[in-house]
Amino acid sequence: MSTLVDSPYSLRVSNLRASIRELGSCVVAYSGGVDSSVVLKLAHEELGSRALAVIGRSATYAQGELELALEQARALGIEPRVIATAELDDPRFANNPSNRCYFCKGELYTQLAQLARSEGYEAVLDGTNADDLKDHRPGMRAAHESNVRSPLAEHGLDKAAVRALAHELGLPSAEKPAMPCLSSRFPYGSKITSEQLQQVEAGEAWLRARGFRDVRLRHHGAVARLELETKELARLVEEPLRSECVAHLKRLGFAYVALDLQGFRSGSLNETLTLRPTS
């Protein structure tokens, strides 16, 4: 018998739909990214009003991302519930250890599990895909502890398959770049504050408004280290864009602006870690 990842794409999607339908009801941890959007769309198609979308809102979630998530959901006929999370109040998160995401997701999933129990939903679902299982993802431990289900990963759908499915479903987020929470812009061990998160959000928004698609502003205290697609590096150093960028970031409070010549790569701050198997 073939493994899930070897199974035909159409069979995996069919089984995915069936597994969601069999739940009867669910809460979907929805962020507006392509993964959770696919889960929400399928849950809405299979379960209708018995699929509840919930967005966890905190300073680590960019305002622009919240607006896009709400816009997409409403276009699908879904009104998400927005709940407040307070991970910045937890020093275990704010001090930014390498397992920071465990405490963030723990805060969110604990709330979602309580909500599901109190309102009679059978399960909590997230957007973890099969590729995520290969990466440094401390938040998956929190998901396991709260019995959160990851239907995309369970049915062997990797990122490419998820994007293909998103196109089939007509989702606006089908080609949306990955946008992890803003806390991922800080080197492990450097304390995260709401003011610094605002600096990151404003700096990245400025760059995206000028056509830079995949961009990260890594916050190294007084230094803003910019990661762009390698094909876009030359454009940023052309005048007047270079001077405008430097001026804008200095207005935000940075003393220095650095351009990373390696270019954009998701999770670049994990390069400093010695990854160990997680239990």
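The values are calculated or read from the model by the stated rules, or taken from the named source; none is laboratory data. Treat the numbers as computed from the prediction; the structure is a model and nothing was measured. Heads up, the Cβs are rebuilt from the backbone with ideal geometry, glycines too, and the neighbour counts pull from every protein chain shown. All accessible areas refer to the heavy atoms of the entire protein, side chains included, with ligands and DNA or RNA removed. Shrake-Rupley method; radii C 1.70, N 1.55, O 1.52, S 1.80 Å.
Output the residue which, of all residues in the range 24-44 that are out of contact with any helix residue (DSSP H, G or I) (no Cβ under 7 Å at 6 or more places or on another chain) and touching a residue at least 60 places away in the same chain (Cβ under 8 Å), is nearest to residue 170 (Cα to Cα). If we take residues in the range 24-44 being out of contact with any helix residue (DSSP H, G or I) (no Cβ under 7 Å at 6 or more places or on another chain) and touching a residue at least 60 places away in the same chain (Cβ under 8 Å), then 41 is nearest to residue 170 (Cα to Cα).
Scanning the range 200-225 for residues that are in a helix (DSSP H, G or I) and either open to solvent by 30 Å² or more (accessible area, probe 1.4 Å) or of a type in the set (Phe, Trp, Tyr) (or both) yields 201, 202, 205, 206, 208, 209. Candidates in the range 160-194 are the residues that are more than 20 Å from residue 226 (Cα to Cα) and outside any helix (DSSP H, G or I); of these, the one that is least open to solvent (accessible area, probe 1.4 Å) is 171.
One residue stands out in the range 99-142 among those that are polar (S, T, N, Q) and open to solvent by 50 Å² or more (accessible area, probe 1.4 Å): the one that is nearest to residue 221 (Cα to Cα), namely 99. Condition check for residue 263 on (1) within 21 Å of the chain's Cα centre (by Cα); (2) surrounded by 15 or more Cβ atoms within 10 Å (Cβ to Cβ); (3) on the phi < 0 side of the Ramachandran plot: one failure, at (3). Residues that are open to solvent by 50 Å² or more (accessible area, probe 1.4 Å), at pLDDT 95 or above and not charged (D, E, K, R) do not occur anywhere in the range 268-278. Within the range 9-20, residues that are in contact (Cβ under 8 Å) with a residue 12 or more places away in the chain have Cβ atoms under 6 Å from residues that are open to solvent by 20 Å² or more (accessible area, probe 1.4 Å) in these pairs: 12/155; 15/155; 16/155; 17/46; 20/46, counting only partners at least 6 apart in sequence or on another chain.
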